[in-house]
Amino acid sequence: MATSWTQPALELASEARGWAGVWTLTYATGLALQRLAAMEGWDDDLTLTYAGLDVALATSELAWADPSEPVQAGPVDLGPLAPLERQAAIGVVVQLLGCDLELLSTLVTDSTTSGRRVLSGTRALGLLIGAERSLRTGWS
Amino acid sequence: MSVTYGTLIRRAAQEVALGSVTLLSDPPSSPEAGRDLLAGYHDLLRALARHTDQLLAPHLQPGSPLPPSPDRIERTALALADELTHLAGGRSLTMHPSADENHWRGAGLAVGAAGDLLATHADRSGLPRSPDLLEGLSSRDVRHDALAHLGDLTATVLGSADELTHRLVRAGLFPSKVRSLLPDSITAEVLARESSQHRGPGIEIGLDELRTARPAIDRTHPLAELGDRMAHLRRYAWVATQATFPSVDDLKVFAVLGVAVHTHAEAVARRTPNPLGNERPLGDVDGTLMPRSRLWRAVATGLQPWQTAERANPAVVGHARRVRALLAEVAPLGDQWTGTGVAPVREVVQALRAAVQVTDAIGGWNAATLDGLPCARVTMPARALTGDQVTNDPTLAAAKLADRRVDVPASGYRDLRDAYAAVAGKPDSRTGGLEPLLTAQLEHARGGSGLVIERE
């Protein structure tokens, strides 16, 4: 089921490149999760709140390795959420997170990536994997 | 749950009493046993002297004028400490502690532990490590009360000197040796009596409930562990108020903690409306717990776009993560009530009530941290600004269109300050964009059936 987030999320994922792209995807995912968590009755089990925090911490980890990243990346917001089913909106976020994880995994395993970035990227990866797992568990 | 200062001092008093009783009922029967008993007695006098010095140590009196000028009561206590050191000698006689229980040594250990507990709250340069010492030893009344209690304890210990002398001689020690090791303590007794007379009601509100600033985590029981970790988080929330460059990520973690604690408390309150079996309910679910939970969510949502260069304190993240797991274990969300297997409902309720109180304190300190954030270090993407926030500011509006990163505008701080004030139950400062949400919560609370969560 398409939501008002589906198209912006697709564009975001398709345009994401390199570390700046990872930061953008991660930041956007964090904002989206907090928006979802703030919806009345959508986060009774706290999954969205906890995942949102993990993603926020991952965002800071990514910025830690290169503080200039957030400036270059041009952060995005998926925009206000139209009234729609919780499941569909979470589905968009899970897909976004999946793209983020894929891109980040490629970057941290790239032999040309500096050690500092590999480490901060791997820490962020751990946080994002945890967020994705809890979202998938709550979603399915 | 870690031990309190008051518990340790009471323990010392009990050991002193047992020491006197044992001296009568089970006196030393050999010179070796006599020497060991005497060594324990001396160790206790030294511990009392050291503790008096600690109570008056400048570095444990943060906020006091430096150097502190002792008043008459404090000068008496210092003179007593000198006298006790003279009586006990500088070095412990304990060579090979006997297997027999030595209650005076036990009392000395308890007094020493109480001093160690105080020492965890400040570093040697006088910088406080916790919020509690500022409310404790900085107050002259609290210091006087603690000194009076110590004077009382010392007077009691010294009251055994004559009997101890008698028993040591009976045990086979030479009278001249005993006299040299147990010199006349009348000066100390006078000073101890004088010290003990300045006792007020303050100990109960002063140091009695003071715990170590960094309690060991009791992992043998989930409720104990929950209390210990919340105590650590409470201290870290205060530490953040002292930081030069606080991290907004810490504030995000604390906000999620606030959501979690209130949501789990709400779940338990709904299932067990009156678990204590008396007239006192856990708290008003609709009037307090749920609105507070939503307000913490508002804080978390407001903070999400914010960024600082400083990452979260790993200790804050770690403790909060473990608290989440513990809450799920002892007070699961949803319909099931599996927590009953972990602990009696009454204990779960008490632990949650305590946790809610800790989040109240954390909220207050988080608000102070927010006020101390250097604005130039806190940025956010302009696209995360709301329409209201940019309407009257062409610069922000342009930044939003151009997708730039900006310093968080004043309106963002105002909204968050409002949310923190509301979380703390003080929505007086409402001025910003969260007004509709806060108003709705207050209306809801007024229309609710009643009570605010019980505070103990």
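Coordinate-derived values only; no laboratory data. The shown structure was predicted, so the numbers you read here are calculated from the model rather than taken from an experiment. Methodologically, a virtual Cβ is constructed for each residue, glycine included, from the backbone with ideal geometry; neighbour enumeration extends over all protein chains shown.
Take the Cβ-Cβ distance between A:Leu10 and B:Ser138 as r, set R0 to 60 Å, and report the resulting FRET efficiency rounded to the nearest 0.05.
FRET efficiency, A:Leu10 to B:Ser138: 0.50.
When the gyration tensor of segment B:204-263 is built from Cα positions, what are the square roots of 5 times its three eigenvalues, in whole Å, from largest to smallest?
Three semi-axes, in Å: 22, 18, 11.
Could you compute the net charge surrounding A:Gly130? Neighbours are other residues with a C-beta less than 12 Å from the C-beta of A:Gly130; K and R count +1, D and E count -1.
Spelling it out: positives minus negatives among the neighbours equals +3.
Label B:Asp218 and B:Ala397 with points 7 Å out from Cα along Cα→Cβ: what is the distance between them in nm?
Taking the simple label geometry, B:Asp218 and B:Ala397 are separated by 6.0 nm.
Roughly how crowded by other chains is peptide A:50-59, in terms of the mean Cβ count from those chains within 10 Å of each of its Cβ atoms?
If you average over the peptide's residues, the count of other-chain Cβ atoms is 5.
Find the relative contact order for segment B:111-249 and round it to a whole percent, using C-alpha pairs within less than 8 Å whose residues are 6+ positions apart.
Here the relative contact order equals 31 percent.
Compute the signed sum of charges (Lys and Arg +1, Asp and Glu -1) over the other residues within less than 9 Å, Cβ to Cβ, of A:Val94.
Neighbourhood net charge equals 0.
Could you check the spin-label model distance between B:Thr386 and B:Ser176? Points 7 Å from the Cα along Cα→Cβ, value in nm.
Reported label-point gap for B:Thr386 and B:Ser176 is 9.0 nm.
Take every Cα pair under 8 Å in chain A that's 6+ residues apart, average their separations, divide by the length, and report that relative contact order as a whole percent.
Relative contact order for chain A comes out at 36 percent.
Which order do peptides B:215-225, A:102-112 fall in by mean Cβ count within 10 Å, highest first?
B:215-225, A:102-112
B:Val190 versus A:Glu85, label points 7 Å from Cα toward the beta carbon: distance in nm?
Each label point is offset 7 Å from its Cα along the Cβ direction, giving 9.0 nm.
From the alpha carbon gyration tensor of segment A:6-139, can you work out the equivalent ellipsoid semi-axes (sqrt of 5 times each eigenvalue) and give them in Å, largest to smallest?
Rounded to whole Å, the semi-axes are 25, 15, 12.
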